[in-house]
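Okay, so here's the structure we're looking at.
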Amino acid sequence: MKYLTNALNYNRTIKEINIKDNEFGNQGAKYLSYILKNNNTIENLNLEHNGINNIGINYIAKSLKFNKGINELNLSLNDFNDNNLKYLTKSMENNYVIRNIKMFECIYYNGFYYDAESQFIESLILNNRKRYNIPSFNIKNKID
């Protein structure tokens with residue numbers, strides 16, 4: 001992962017990175033966060049199922065404060081908790097670029113994994129309610 005991040009740090013043509021199912025973990029997330037702070041060319045980043053947990057998601061969240069290129073991010077099938085989800089939301093308060101984020105089965109609670117999208121959206125709305133003039137809201141889970 002270190003060599004990949006070194007190469008991508010100077011590359012300004014690659015717009016999509018799909019590195020799902022590589023299990024690079026928190027160390028890989030740390031290396032990747034260095035790129036995301038400086039590279040605004042990458043628009044689509046798939047980090048699905050890479051063994052990223054609370055530590056790694058914090059690295060990613062910190063870098064998203066600065067990134068102005070990523071508009072699609074997939075964090076599905078990684079393992080982080082509600083506190084890290086709140087930190088991720090807080091870090092994105094000034095990120096107006098991300099339009100699509102996937103977090104399928106990321107939150108582990110009572111022996112089960114849960115999707116984090118609705119919690120993320122709820123937190124994002126709560127943190128930005130004044131900015132968007134949203135007085136109240138209600139999110140209900142869709143049942144197929």
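The values are calculated or read from the model by the stated rules, or taken from the named source; none is laboratory data. All values derive from a computational prediction rather than experimental measurement. In this analysis, Cβ positions are derived from the backbone assuming ideal geometry, glycine residues included, and neighbour counts consider all displayed protein chains.
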Subject >> Within the range 1-53, tally of residues that are in a loop (DSSP other than H, G, I, E, B) and hydrophobic (A, V, I, L, M, F, W, C) >> reply: 7
**OP:** Please work out which one of (1) crowded, with 19+ Cβ neighbours inside 10 Å; (2) modelled with pLDDT of 80 or more; (3) closer than 21 Å to Lys37 by Cβ is the condition Leu77 fails and give its number.
**Re:** (3)
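Taking the stated definitions as given, is Gly56 in contact with a Gly (Cβ under 9 Å, 6 or more places away or on another chain) and in a helix (DSSP H, G or I)? Full working, then the answer.
Working: in contact with a Gly (Cβ under 9 Å, 6 or more places away or on another chain): yes; in a helix (DSSP H, G or I): yes.
Criteria met by Gly56.
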**OP:** Could you please give the count of residues in the range 91-106 that are of a type outside the set (Asp, Glu) and modelled with pLDDT under 80?
**Re:** 6
Original post:
Pairs, please: C-beta under 6 Å, at least 6 apart or cross-chain, first residue under 12 Å from Cys106 (Cβ atoms) and in the range 36-63, second small (Gly, Ala, Ser) and not in a helix (DSSP H, G or I)?
Top reply: Glu48/Ser76
**OP:** Go through the range 1-47 and give me each residue that's touching a strand residue (DSSP E or B) at 6+ places or on another chain (Cβ under 8 Å) and more than 21 Å from Asn95 (Cα to Cα).
**Re:** Leu8, Asn18, Ile19, Lys20
Subject >> Residue that is surrounded by the most Cβ atoms within 10 Å (Cβ to Cβ), among those in the range 1-34 that are in contact with a helix residue (DSSP H, G or I) (Cβ under 6 Å, 6 or more places away or on another chain) and at pLDDT below 90 >> reply: Leu8
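Taking the condition of a type in the set (Phe, Trp, Tyr), surrounded by 15 or more Cβ atoms within 10 Å (Cβ to Cβ) and free of Cβ contacts under 8 Å to residues at least 60 places away in the same chain, does Phe66 pass? Let's see the steps before the verdict.
Working: of a type in the set (Phe, Trp, Tyr): yes; surrounded by 15 or more Cβ atoms within 10 Å (Cβ to Cβ): no; free of Cβ contacts under 8 Å to residues at least 60 places away in the same chain: yes.
Answer is no for this residue.
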